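For reference, the structure discussed in these notes is given below.
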Amino acid sequence: MMRTGLPRPGSGSRRILVVGGGASGVLLAAQLLRRDEDRVAVTIVEKGAMLGCGVAYSTTDPTHLLNTRVANMSAYPSEPHHFLDWLKRQGDADADPDGFVSRPTYGRYMGALLDPWSGGERLDCRRAECVGLDIRSDGVTAHLSDGGRIEADLAVLATGHALPDRRKDPELSQPWAGAEGPCHGPVLIVGSGLTMVDQVLSLLAAGHRGPITVMSRHGLLPQVHRQVAPGGWTPEGPPPVGRVSDLMRWLRAEVRRREDQGGDWREVVDGLRPQIQAIWRDMPLAARRSFLRHASPWWEVHRHRMPPSSHEKLDLARASGQLRLVRGRFERASQDTGGGLVAHVRGPDHRPADIRVARIIDCRGIRRDPEAHASPLIASLLASGEAFIDPLRLGLDVGPDCDVLRPDGSRSERLFAMGPVSRAAFWEITAIPDIRLQAERLARRLLDAVLT
Ligand SMILES: Cc1cc2nc3c(=O)[nH]c(=O)nc-3n(C[C@H](O)[C@H](O)[C@H](O)COP(=O)(O)OP(=O)(O)OC[C@H]3O[C@@H](n4cnc5c(N)ncnc54)[C@H](O)[C@@H]3O)c2cc1C
C-alpha cells in the first residue's frame with residue numbers, strides 16, 4: 001500500500017527515483033533495497049492505487065491466469081522458489097511450480113514485495129503522476145501532478161506500456177479499463193492474442209450467451225503450453241542475424257531437427273529465449289524492420305502461449321459455434337442512428353464490410369506508436385530532447401545499460417529506462433523472467449553510479 005511523506009534519508013545519502021510502480025518499478029526497487037546499502041534510498045512515484053500491479057496484474061478477475069508457470073515467476077533470478085514459497089506462506093500448501101495461478105494473485109505477490117522496507121527510511125512511495133523531469137549534470141528534479149517535487153540523484157523510467165487514449169476511440173471497450181458489466185449481444189474482439197483470451201474467458205464466466213467474433217489481420221491464436229523438459233535442445237550453430245529470411249529458415253530447421261529427435265518445437269522457442277536480446281541487438285535495422293513486419297506475428301503466438309485450461313475453454317466455445325475467429329482488418333467504429341454500434345472492417349479480400357455489434361473490445365495490444373500515445377512525462381522528455389523514439393517506433397531509444405539516449409546519440413548519465421518502455425533496445429523485455437534480470441543488472445549499475 002502507498003505511504004507518503006516519509007523522512008528523507010540523512011545527508012550524504014543518495015536517492016534513486018523510480019517513475020512507475022508497476023512490476024518493473026517494484027522489481028527494480030526491491031533489487032536496490034535488498035543490497036542492504038544504507039546510503040541509498042528509493043522513491044517510487046506511482047499514479048495508480050496498487051503498487052506492483054500496473055497493467056498486467058491489476059485485474060480482479062480470477063479467470064485471468066498468468067501465462068507463465070509459477071516456477072518461472074519468482075521476483076528474483078537468484079531465488080527461483082521465491083514466488084512458490086510465498087504462495088505456500090499464503091496457505092496454498094499444494095502450490096504447483098508447473099501450474100498457472102491467477103494474475104490477481106501475482107499482483108498481491110508484487111504488492112507485497114516491498115513490505116520488508118515499508119515504514120523504513122530507505123523507501124518512499126508517492127501516489128502521484130510524474131509530469132516532468134528536469135535533468136541536470138548533478139541530479140534530477142521530478143515534478144508531480146499534485147504540485148510536489150522530488151530531488152534525486154538518478155531517475156529510472158519504469159512507465160510501462162503506452163496505453164491507448166480512450167478519448168480517441170470512445171466506442172471501443174478497453175480491456176484495461178475494468179469490467180463494464182454484462183453484455184448479451186454480439187461482441188467483436190479486435191486482436192487475437194493473450195488479452196483476447198482473457199476477455200473471452202471473462203465473457204464466458206459472466207454467462208455471456210451471444211456470439212463472440214475475434215478478428216485479427218493474420219487470424220492466428222496463441223499456441224498452448226505443454227510440459228516439456230527444459231534444456232532438451234542445443235542449437236547446431238549460432239542463429240544467422242543478418243536477414244530475417246535466413247533466421248526463420250534456421251529456426252524452422254532447428255524445430256524439424258528437434259522434432260526428428262522426438263522433441264517439441266516449444267523446447268526450441270524456450271531455449272532460444274535467453275538469446276533473443278542479443279539476437280535483436282545484433283540485427284541490422286532493416287532486418288529488425290522486416291522481422292516486425294513479416295515474422296513477429298508468428299513468433300509471438302509461439303512465444304506467448306496460453307495455459308492448457310484456458311485453451312480448453314476456448315476450444316469448447318469454438319466447437320459450440322459461439323466463438324469465431326476471422327481474418328480481417330478493423331478500421332473504425334461508429335454509432336448508427338438507433339444508437340447501435342457498427343464496426344467498419346475489411347475482410348481478407350480487402351472488401352469493406354459493416355458489422356453490427358453490442359460491444360467492441362480493443363485487444364490490439366501494446367504495439368502502438370509510443371509518441372502518439374505518450375504520457376505528459378514522455379511527451380515532455382521528447383520535447384526537451386532528453387529522449388527520443390527509436391526509428392522503428394517501439395519505444396524510447398536506450399543504450400545496452402538502460403541509459404536513455406538523446407537524439408544526438410549521447411547517453412544520459414542521470415536518466416534510465418527499463419521494462420517495456422525499453423523494448424526498442426531489448427525487444428524481449430515484456431515478461432517477468434526478462435524484466436527481473438534487467439532489474440538485477442540495472443540495480444547493480446545504478447548503485448555503482450551513485451556510490452562511486
Ligand atoms: C495483460 C497482460 C498479462 C501479462 N501476463 C504475463 C504473464 O503471465 N507472465 C509474464 O511473465 N508476463 C506477463 N505480462 C507481461 C509483464 O508482466 C508486463 O509487461 C510487466 O508487468 C510490465 O510492467 P511495467 O511496470 O513495466 O509496466 P506497467 O504494467 O505498464 O506499469 C507501469 C506503471 O507505471 C505507472 N506510470 C506510468 N507513467 C507514470 C508517471 N508518469 N507517473 C507515475 N506513474 C506512472 C502506471 O500507472 C503503471 O502502474 C503480461 C502483460 C499484460 C499486459
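Among (1) farther than 25 Å from Pro433 by Cα; (2) surrounded by 16 or more Cβ atoms within 10 Å (Cβ to Cβ), there is one condition His161 misses while meeting the rest; what is its number?
Checking His161 against (1) farther than 25 Å from Pro433 by Cα; (2) surrounded by 16 or more Cβ atoms within 10 Å (Cβ to Cβ), the one that fails is (1).
Of (1) aliphatic (A, V, I, L, M); (2) within 11 Å of the ligand (Cβ to nearest atom); (3) assigned to a strand (DSSP E or B), Ala41 satisfies all except one. Which?
Among (1) aliphatic (A, V, I, L, M); (2) within 11 Å of the ligand (Cβ to nearest atom); (3) assigned to a strand (DSSP E or B), the lone unmet condition for Ala41 is (2).
Run Pro400 past the list (1) more than 16 Å from the ligand (Cβ to nearest atom); (2) modelled with pLDDT of 95 or more; (3) assigned by TED's automatic domain parsing to the domain that holds Ile135 and report the number of the one that doesn't hold.
The number of the failed condition is (2).
Where residues in the range 64-79 are touching a residue at least 24 places away in the same chain (Cβ under 8 Å) and more than 10 Å from the ligand (Cβ to nearest atom), which of them is surrounded by the most Cβ atoms within 10 Å (Cβ to Cβ)?
Ala75
Quick one: in the range 165-182, which of the residues that are modelled with pLDDT of 75 or more and not in a helix (DSSP H, G or I) is surrounded by the fewest Cβ atoms within 10 Å (Cβ to Cβ)?
Pro170
Condition test on Ile355, is it surrounded by 12 or more Cβ atoms within 10 Å (Cβ to Cβ) and in contact with a helix residue (DSSP H, G or I) (Cβ under 9 Å, 6 or more places away or on another chain)?
Considered against the rule, which asks whether it is surrounded by 12 or more Cβ atoms within 10 Å (Cβ to Cβ) and in contact with a helix residue (DSSP H, G or I) (Cβ under 9 Å, 6 or more places away or on another chain), Ile355 comes out as no.
Filter the range 186-224 for residues that are among the polar types (S, T, N, Q) and in contact with a helix residue (DSSP H, G or I) (Cβ under 6 Å, 6 or more places away or on another chain) and give the result.
Thr195, Gln199, Gln223
For the range 301-308, check the following and say yes or no: at least one residue is more than 13 Å from Ile189 (Cα to Cα) and among the charged types (D, E, K, R).
Taking every residue of the range 301-308 in turn, at least one turns out to be more than 13 Å from Ile189 (Cα to Cα) and among the charged types (D, E, K, R).
Do we find that Ala374 is modelled with pLDDT under 95, under 25 Å from Glu46 (Cα atoms) and buried (at least 19 other Cβ atoms within 10 Å of the Cβ) in this structure?
Criteria met by Ala374.
Can you name the residue in the range 31-42 that is over 12 Å from Leu114 (Cα atoms) and buried (at least 18 other Cβ atoms within 10 Å of the Cβ) and, of all such residues, is modelled with the lowest pLDDT?
Val40
Just one of (1) acidic (Asp, Glu); (2) modelled with pLDDT of 95 or more; (3) away from the ligand (no atom under 15 Å from the Cβ) trips up Glu46, so point out which.
(3)
Scan the range 266-279 and report the pairs whose first residue is assigned to a helix (DSSP H, G or I) and whose second residue is of a type in the set (Ser, Thr, Tyr), with Cβ atoms within less than 9 Å and a gap of 6+ or a chain change.
Sorted first by the residue in the range 266-279, then by its partner, the pairs are Gly271/Thr234.
Applying the selection to the range 405-422, what residues are within 14 Å of the ligand (Cβ to nearest atom) and hydrophobic (A, V, I, L, M, F, W, C)?
Leu415, Phe416, Ala417, Met418, Val421
Out of the residues in the range 423-452 that are assigned to a loop (DSSP other than H, G, I, E, B) and within 17 Å of Gly22 (Cβ to Cβ), which is farthest from the ligand (Cβ to nearest atom)?
Ile429
Looking only at the range 43-55, count every residue that is within 14 Å of Ile432 (Cα to Cα) and either touching a Ser or Thr at 6+ places or on another chain (Cβ under 8 Å) or crowded, with 22+ Cβ neighbours inside 10 Å (or both) and tell me the total.
3
State which residue is surrounded by the most Cβ atoms within 10 Å (Cβ to Cβ) when the search covers only the range 385-397 and only residues that are of a type outside the set (A, V, I, L, M, F, W, C) and more than 15 Å from the ligand (Cβ to nearest atom).
Among them, the one singled out is Asp397.
Looking at the range 404-419, is at least one residue modelled with pLDDT of 95 or more, surrounded by 24 or more Cβ atoms within 10 Å (Cβ to Cβ) and either of a type in the set (Ser, Thr, Tyr) or part of a helix (DSSP H, G or I) (or both)?
Checked against the condition, which is being modelled with pLDDT of 95 or more, surrounded by 24 or more Cβ atoms within 10 Å (Cβ to Cβ) and either of a type in the set (Ser, Thr, Tyr) or part of a helix (DSSP H, G or I) (or both), the range 404-419 yields at least one hit.
Within the range 26-36, identify whether any single residue is β-branched (Val, Ile, Thr) and either within 7 Å of the ligand (Cβ to nearest atom) or not assigned by TED's automatic domain parsing to the domain that holds Asp85 (or both), and answer yes or no.
no
Would you mention how many residues in the range 11-29 are surrounded by fewer than 24 Cβ atoms within 10 Å (Cβ to Cβ) and either in contact with an Asp or Glu (Cβ under 8 Å, 6 or more places away or on another chain) or modelled with pLDDT of 95 or more (or both)?
Adding up the residues that qualify gives 3.
Are any of the residues in the range 53-62 near the ligand (Cβ under 9 Å from one of its atoms), modelled with pLDDT under 95, among the aliphatic types (A, V, I, L, M) and closer than 24 Å to Arg127 by Cα?
Taking every residue of the range 53-62 in turn, at least one turns out to be near the ligand (Cβ under 9 Å from one of its atoms), modelled with pLDDT under 95, among the aliphatic types (A, V, I, L, M) and closer than 24 Å to Arg127 by Cα.
Quick check on my filter: what residues within the range 216-252 are in contact (Cβ under 8 Å) with a residue 40 or more places away in the chain and aliphatic (A, V, I, L, M)?
If the condition is that a residue be in contact (Cβ under 8 Å) with a residue 40 or more places away in the chain and aliphatic (A, V, I, L, M), then Leu220, Leu221, Val224, Val228, Val241, Val244, Leu247, Met248 are the ones that fit.
Do we find that Val200 is surrounded by fewer than 19 Cβ atoms within 10 Å (Cβ to Cβ), closer than 16 Å to Asp315 by Cα and not aromatic (Phe, Trp, Tyr) in this structure?
Answer is no for this residue.
When you check His373 against the structure, is it assigned to a loop (DSSP other than H, G, I, E, B) and touching an Asp or Glu at 6+ places or on another chain (Cβ under 7 Å), yes or no?
yes
The values are calculated or read from the model by the stated rules, or taken from the named source; none is laboratory data. Just so it is clear, the structure is predicted and the values come from calculations on it, not from any experiment. Glycine also receives a Cβ, built like all others from the backbone with ideal geometry; neighbour counts cover every protein chain displayed.
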